[in-house]
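The values are calculated or read from the model by the stated rules, or taken from the named source; none is laboratory data. A quick note: this is a predicted structure, and the numbers were derived from the prediction, not measured. When we count neighbours, we look across all protein chains shown, and the Cβ atoms used for this are built from the backbone with ideal geometry, even at glycine. Side chains are part of the model used for accessible areas, which takes the heavy atoms of the whole protein and leaves out ligands, DNA and RNA. Shrake-Rupley method; radii C 1.70, N 1.55, O 1.52, S 1.80 Å.
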Amino acid sequence: NVFRGPPVAEGLRLADGTVIATLKASTGAAIVRPEKLRVAGGHKRTAGNSIEGEIIQAIYSGASVTYRIRTKVLGDTPLLAFIQNQTGEVLESGAAVTASWDPEQTIPVDA
């Protein structure tokens, strides 16, 4: 997952105005590994970084679920999340969700 935007003191300002925090200064791009994301049903702001979206695909693999999430800020590129399936719950396509992650998992890269 690649995020782009102008660097600000806290991290990056995304196209929709959302600021995602990074632990190190960014030059305009940062990545987050899909397995570092948490996905919760509904649009809820959480501690750390978060982005609202909608499930466009859920691939259930027994022990894990891979979600492709449509977000305004990423446009046509889906946000990918790999989630350990500990509860048996799988969010359906079309469900409103919030993807969140810890700022230390936001890795600045060259833009």
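Summary table
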read-out: Selected from SER100, SER64, SER26 as most flexible by GNM, with the chain as the system and alpha-carbon contacts under 10 Å; value: SER64
read-out: Fluctuation leader among GLY94, GLY62, GLY41 - the chain, Gaussian network, Cα springs under 10 angstrom; value: GLY62
read-out: The range 41-85 shape via C-alpha gyration tensor axes, a/c threshold 1.5; value: oblate
read-out: Carbon plus sulfur fraction of accessible area for the chain, probe 1.4 Å, in percent; value: 51 percent
read-out: Net charge over other residues, Cβ less than 12 angstrom from the Cβ of GLY75 (K, R count +1; D, E count -1); value: +1
read-out: Evaluated over the range 12-76, the Cα radius of gyration and Dmax, each in Å; value: 13.1, 39
read-out: Rounded accessible area per residue of the chain, 1.4 Å, Å²; value: 56 Å²
read-out: Of ALA29, ALA47, ALA21, the one that fluctuates the most in a GNM where the chain has Cα springs shorter than 10 Å; value: ALA47
